[in-house]
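Read through the structure below, which is laid out as structure tokens, and then see the notes.
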Amino acid sequence: MTPEIAISLGRILAVIAGVLSAVPYLVFAERKICAYIQDRIGPNRVGPWGLFQPLADGLKLLTKEEILPNGIDRFAYLLAPALVMIHPLATFAIIPFGSSITLFGQTIRLQIADLPIGILFFLGVASLSVYGLALGGWGSNNKYSLMGGLRACAQLVSYELSMGLCLVGIILLSGTLSTSQIVAAQEETLLGFLPAWNVFLQPAGFAIFLICAFAENNRLPFDLPEAEPELVGGYHTEYTGLRFGTFFLAEYASMITMSALLVTLYLGGHHLPGVTTRDFGPVMTGLISTAVFGAKVATVLFTFIWTRWTLPRFKYQNLMSFSWKCLLPAALVNLLMTATVITLSG
Amino acid sequence: MGHPFCFWIAGTLAILTALGVILARSPLYSALSLAATLLSTAVLFISLQAHLAGAVQVMVYAGAILVLIVFTVMLLNLRGDSGEKPLRPAAAAAGMVVCAAFFLGLTAFFAVDAPTPPAVGPEFGTAGAIGRLLFAPGSRFVYAFELVSVLLLAALVGAIALGRPGPEQGKDAAS
Amino acid sequence: MLTLADLDAIAPEITLAVTLGLVLVLDLLFRPAERRLTGWLALSGVTLAASQIVKNLAAAAPLPSAAAGFFSGMFVADSTASFFKLIFCLAAAGAVVIGYRSSEISRARHGEYHFLLLAATLGMCFMASAGDLVMVYLAVEMLSQASYILAGYIRNNPRSSEGALKYVIYGGVASGAMIFGISILYGFTGVTDLVLVGQGLAGTASSPAALMAFLFMLVGLGFKVAMVPFHMWAPDVYEGAPAPVTAFLSIGSKAAGFAVLLRVLFSVGAQAAPGGGGIEAAAIPWREMLAVLAVLTMTVGNLSAIGQRSLKRLLAFSSVGHAGYLLAACTTATASGVSSILFYFVVYFLMTLGAFHVVVLVSNATGRDSDADYAGLGWKQPFLAATMSIFLVSLVGLPPTAGFLGKWYLFTALVEMGSWKFLLLTLAALLNSVISLYYYVYIIKKMWIEEPAPEGRRVVVGFVPGILLAVLAFLTVYPFGYGGAVLAAASKAAGDRASFLR
């Protein structure tokens, strides 16, 4: 095995393990935060401060009975949980989660694949994320599932458009499609004190992207595809046990991925403003940059959770008209202004 | 160039899934097969250095157009086959003969007298190169690009003209 | 690089595009009942474009860069293209005028109707001027998209939807085949410029792949001109579409198809000898192939027209037959062949527009489209029946009508080639004219000899339609006043093409 392949495999394993093991604690954090928002205590029985609660939950899902409902479309039903995992994990391939680290004489860049078309890769994978939800809804032979799948299709397609237009603004600013170069472009400072993060250069774009990110992840206030009071559980109504667990896992994993992407694109990635990470020696540089990245992701994740437990759900027709009549024009105007400013300033 | 391994896998998949498109009885499976075909083709594009074409293939076709097809299938709830025989044996045989003739013909032509394609530079197929081809002043495709925008506008207006429910219906049908 | 000459050459297209945008905006400003007023804007835009085309045509010598094409060869503005564009503009103007009072297009949708008409016209103009395979494809698509929508423009009419759906499906397959052919050509030559493709093909001796590419492109273009065996859409579309659209498609779309067919045939083949070159170097028997297709097209078209009860269907099959005659003239690949095609289209415009206009008026009154409505029309409404008879006689090609002159020049161009093959082709075309006599005269007989149906309603001919019909009929029946001038213009235009060939 050549070192390149070993390094690649190592990075892939590290990312998958990192993301998947972060999910249970994200769930735990969500439960705790929502408890505090609602003036409750939240899980505190299993382990110290309830820290082992996620493990218990996972164990419960694993040992539950797997039920195959009657009249399902077997192929679609079984394929769907696998498909939904593609989007969160594949997207992470293009996210630089740290600068680079030198181990055993090998300098390893902390990014699985620095594609020249990184952003397009993300958009492509994101646009495929519909299939898992749609198939789950279709295969379950349940009207609520079907409606959930339909809503997921419509919602994801609608919000992807505005999201893509926000990304164009960033591409214009940094002049590249590669995520690592976008991060590098955010290293400088503006006006002497502000880090040149895209969130400051593209505040409107950031806001639109954030809203679209909520919608893409089916998070409240955009959780129409699985709105409990209306659709029981939406596209995953008929799933039990581990298959339901996969949907659950994918949803939180894609939240993490989306936050990581948001950090990469708008919040300067793994850079700590004011500090050049080069100062800390070969190993520490990598670790510190990764830690910075992690902290930023955690902040965004907190925003996700905070929003969920603060805002009520949209009505379905409002959801669609908000996307097409509000976000899309706003994103277009943002793009137009960005392009104008860039053209005028040469 | 991409790895030959890549080509064989993606090419085989593309052909098999393309067969799936026409042989599947359920419209949903047809659509899914088509999505898989398009994805395999995208891999082929990427293995030929055409990264942008591959990405666009995924985003536009697999990610948008086919999603809409799947959406339609789900909305109309088209389950199973419509009771028609999918293929008459004679038609299938004729189709196979035509396909075989095409395939053999094309292979023969390209084996015999295909000119060697010009070598491509490192820039080939990158987003930057295609962007310059489309937008750079002096590039010949600027003109075609502008035409595409009018074409899309016409298609858009046409779609709205057909799809919009007519409030005027019945009121002033005759002039 | 972009120059002022470039802008001058595409001035008609720019005018059309601007008008198109204005129509779209104006449509939103008007109340639904007033929206057909956008027709005036469309009409003036088309007229302005036509005047610019005439100016380009009248320029004493073609601009020096005309042969090389504008926009680095993407756009060829030779006089043949300009002549074709004039026909497109005439067809568009005709469709606006006879669509203005058509009951088939509801008032609120007139704005979009005009928009789509203009878009289709723009597509046709680009087709005539395409100098590059990419442009050929894009322009064909532009025309197709607009025509699909226009064909299905009557709401809640199953026939209209059926026609449009068939049009979309056949059209999709045809354009798919065409782009496949284009991709093969590009794969072999590595260029998309038509002239360079011709040079590239001339380099590869006897290539079956070139034959395949040629065949595939012929599918796409043959579909546009309703060539057998790609004509199946024509009767359904012509029957289902609103009559003004049918007239527009049968004239404009067919002319555009021929414009681009000629362009591809001659530009790709231009390098070695006029009309031969790349295609001939690749040993494609394109003349023989086209001749066989031409005979098939005219025979199938004319035989199928016999026994049609719907006038629109009858005219659809007759237009397939006419495509056959025109295809036959394409095989000559001489200047006189091209000029006879150009002349024929002018004539074809007059008689087809006239015939469809009568059909519009009659079906406006009766609410349907059947030959029974024409029984005894001559006794009730001699003016309508007389003009219709003139158009039909001209479609047969009997003297002294314009149709006769058109056919005369077509056949002369064929006979001039001298070889027995072309004589055989001419003979087939003559025989077909005799067949067509049967079904055209059948309608004339119905109008003048049969008793009118007792419940028949009177057809209202307004003032403007009446004038239009009279003018069209006059031009059709007395072509000698203008025929010489048009023919001179056509041969000048075709001569420009011929010089472009060398």
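Scanning region C:19-38 for residues that are hydrophobic (A, V, I, L, M, F, W, C), surrounded by fewer than 20 Cβ atoms within 10 Å (Cβ to Cβ) and within 11 Å of chain B (Cβ to nearest Cβ) yields a count of 2. Taken as a whole, region B:13-32 holds at least one residue that is crowded, with 17+ Cβ neighbours inside 10 Å and within 30 Å of B:GLU123 (Cα to Cα). Here A:LEU89 clears all of (1) under 30 Å from B:GLY54 (Cβ atoms); (2) outside any loop (DSSP other than H, G, I, E, B); (3) modelled with pLDDT under 85 except the condition numbered (3). For region A:21-33, residues that are surrounded by fewer than 17 Cβ atoms within 10 Å (Cβ to Cβ) and in contact with a helix residue (DSSP H, G or I) (Cβ under 7 Å, 6 or more places away or on another chain) total 1.
State whether the residues of region A:248-269 include one that is at pLDDT below 90, of a type outside the set (Gly, Ala, Ser), farther than 24 Å from A:PRO88 by Cβ and touching a helix residue (DSSP H, G or I) at 6+ places or on another chain (Cβ under 9 Å). The answer is no; no qualifying residue exists.
Only one of the numbered conditions (1) within 12 Å of chain B (Cβ to nearest Cβ); (2) surrounded by fewer than 24 Cβ atoms within 10 Å (Cβ to Cβ) is not met by C:THR121, and that is (2).
Picking from residues in region A:131-145 that are over 24 Å from the mean Cα position of the chain (by Cα) and surrounded by 24 or more Cβ atoms within 10 Å (Cβ to Cβ), the one that is farthest from B:ARG79 (Cα to Cα) is A:SER140.
Quick check on this structure: which one of B:ILE69, B:ILE65 is in contact with a helix residue (DSSP H, G or I) (Cβ under 6 Å, 6 or more places away or on another chain), open to solvent by 60 Å² or more (accessible area, probe 1.4 Å), within 14 Å of chain A (Cβ to nearest Cβ) and part of a helix (DSSP H, G or I)? I'd like the intermediate steps shown before the answer.
Values: B:ILE65 fails: in contact with a helix residue (DSSP H, G or I) (Cβ under 6 Å, 6 or more places away or on another chain).
Just one listed residue meets the conditions, B:ILE69.
Going through C:GLY152, C:GLY176, C:GLY198 one at a time, which residue ends up being crowded, with 19+ Cβ neighbours inside 10 Å and more than 9 Å from every other protein chain (Cβ to nearest Cβ)? Please lay out each step first, then the result.
Numbers: C:GLY152 fails: more than 9 Å from every other protein chain (Cβ to nearest Cβ); C:GLY176 fails: crowded, with 19+ Cβ neighbours inside 10 Å.
Going through C:GLY152, C:GLY176, C:GLY198 in turn, just one is crowded, with 19+ Cβ neighbours inside 10 Å and more than 9 Å from every other protein chain (Cβ to nearest Cβ): C:GLY198.
Condition check ((1) within 11 Å of chain B (Cβ to nearest Cβ); (2) crowded, with 22+ Cβ neighbours inside 10 Å) across all residues:
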site: C:MET142; (1), (2): yes, yes
site: C:ARG159; (1), (2): no, no
site: C:TYR167; (1), (2): no, yes
site: C:TYR170; (1), (2): no, no
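When B:ALA91, B:ALA111, B:ALA127 are screened for being of a type outside the set (Asp, Glu), open to solvent by less than 50 Å² (accessible area, probe 1.4 Å) and either at pLDDT 85 or above or farther than 30 Å from A:LEU156 by Cα (or both), only B:ALA91 passes.
Scanning region B:130-164 for residues that are more than 7 Å from chain C (Cβ to nearest Cβ), open to solvent by less than 50 Å² (accessible area, probe 1.4 Å) and in a loop (DSSP other than H, G, I, E, B) turns up B:ALA136, B:SER139.
For (1) in a helix (DSSP H, G or I); (2) not aliphatic (A, V, I, L, M), each residue gets a yes or a no:
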{"residue": "A:GLN155", "(1), (2)": "yes, yes"}
{"residue": "A:SER158", "(1), (2)": "yes, yes"}
{"residue": "A:CYS166", "(1), (2)": "yes, yes"}
{"residue": "A:LEU172", "(1), (2)": "yes, no"}
{"residue": "A:THR176", "(1), (2)": "no, yes"}
{"residue": "A:PHE200", "(1), (2)": "yes, yes"}
{"residue": "A:GLU251", "(1), (2)": "yes, yes"}
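Would you point out the residue of region A:59-86, among those that are away from chain B (no Cβ under 13 Å) and β-branched (Val, Ile, Thr), that is most open to solvent (accessible area, probe 1.4 Å)?
A:THR63
If you check A:ILE41, A:ILE12 for being open to solvent by 40 Å² or more (accessible area, probe 1.4 Å), within 27 Å of A:LYS296 (Cα to Cα) and either in a loop (DSSP other than H, G, I, E, B) or touching a Ser or Thr at 6+ places or on another chain (Cβ under 6 Å) (or both), only one passes: A:ILE41.
May I ask you to list the residues in region B:35-54 that are more than 12 Å from chain A (Cβ to nearest Cβ) and assigned to a helix (DSSP H, G or I)? Before you say what the answer is, go through the steps one by one.
Filtering region B:35-54 for residues more than 12 Å from chain A (Cβ to nearest Cβ) gives B:37, B:40-41, B:44, B:47-48.
Selection gives B:THR37, B:SER40, B:THR41, B:LEU44, B:SER47.
From the set of residues in region C:405-419 that are touching a residue at least 40 places away in the same chain (Cβ under 8 Å) and within 22 Å of the chain's Cα centre (by Cα), which is most open to solvent (accessible area, probe 1.4 Å)? First the steps, then the outcome.
Step one: list which residues in region C:405-419 are touching a residue at least 40 places away in the same chain (Cβ under 8 Å), which gives C:405-407, C:409-410, C:412-414, C:416-417.
From what's left, within 22 Å of the chain's Cα centre (by Cα): C:405-407, C:409-410, C:412-414.
Details: C:LEU405: 21, C:GLY406: 0, C:LYS407: 9, C:TYR409: 65, C:LEU410: 1, C:THR412: 48, C:ALA413: 3, C:LEU414: 2 Å².
Ranking the candidates gives C:TYR409 first.
Against the numbered list (1) open to solvent by 60 Å² or more (accessible area, probe 1.4 Å); (2) modelled with pLDDT under 85, C:GLY462 comes up short only at (1). When you look at C:MET298, is it aliphatic (A, V, I, L, M) and open to solvent by less than 20 Å² (accessible area, probe 1.4 Å), yes or no? Judged against the criteria, C:MET298 is a match.
Which one of these is surrounded by fewer than 21 Cβ atoms within 10 Å (Cβ to Cβ) and under 23 Å from C:LEU410 (Cα atoms): C:LEU392, C:LEU398? So that I can check it myself, show each step before the final result.
On the way: C:LEU392 fails: surrounded by fewer than 21 Cβ atoms within 10 Å (Cβ to Cβ).
It is C:LEU398.
Scanning region B:36-58 for residues that are in contact with a Leu (Cβ under 6 Å, 6 or more places away or on another chain) and crowded, with 23+ Cβ neighbours inside 10 Å returns a single hit, B:ALA55. Which residue out of A:LEU128, A:LEU110 is open to solvent by 10 Å² or more (accessible area, probe 1.4 Å), in contact (Cβ under 8 Å) with a residue 40 or more places away in the chain and more than 10 Å from chain B (Cβ to nearest Cβ)? Step by step, each of A:LEU128, A:LEU110 is checked, and only A:LEU110 is open to solvent by 10 Å² or more (accessible area, probe 1.4 Å), in contact (Cβ under 8 Å) with a residue 40 or more places away in the chain and more than 10 Å from chain B (Cβ to nearest Cβ).
Tell me, which residue of region A:116-125 that is assigned to a helix (DSSP H, G or I) and either open to solvent by less than 10 Å² (accessible area, probe 1.4 Å) or not aliphatic (A, V, I, L, M) (or both) is nearest to the other protein chains (Cβ to nearest Cβ)? Break it down into steps so the answer makes sense when it comes.
Initial filter on region A:116-125 (assigned to a helix (DSSP H, G or I)): A:118-125.
Those left that are additionally either open to solvent by less than 10 Å² (accessible area, probe 1.4 Å) or not aliphatic (A, V, I, L, M) (or both): A:118-119, A:121-122, A:124.
Numbers: A:GLY118: 10, A:ILE119: 9, A:PHE121: 7, A:PHE122: 10, A:GLY124: 4 Å.
Looking at the filtered set, the residue picked out is A:GLY124.
For region C:334-363, a residue qualifies if it is open to solvent by 10 Å² or more (accessible area, probe 1.4 Å) and under 16 Å from C:ALA294 (Cβ atoms), and exactly one does: C:THR334.
The values are calculated or read from the model by the stated rules, or taken from the named source; none is laboratory data. Just so it is clear, the model here is predicted, and its values are computed rather than measured. Using ideal geometry, Cβ is built from the backbone for each residue, glycine included, and neighbour counts are taken over all protein chains shown. Accessible surface is based on the protein model in full, side chains and every heavy atom, while ligands, DNA and RNA are left aside. Shrake-Rupley method; radii C 1.70, N 1.55, O 1.52, S 1.80 Å.
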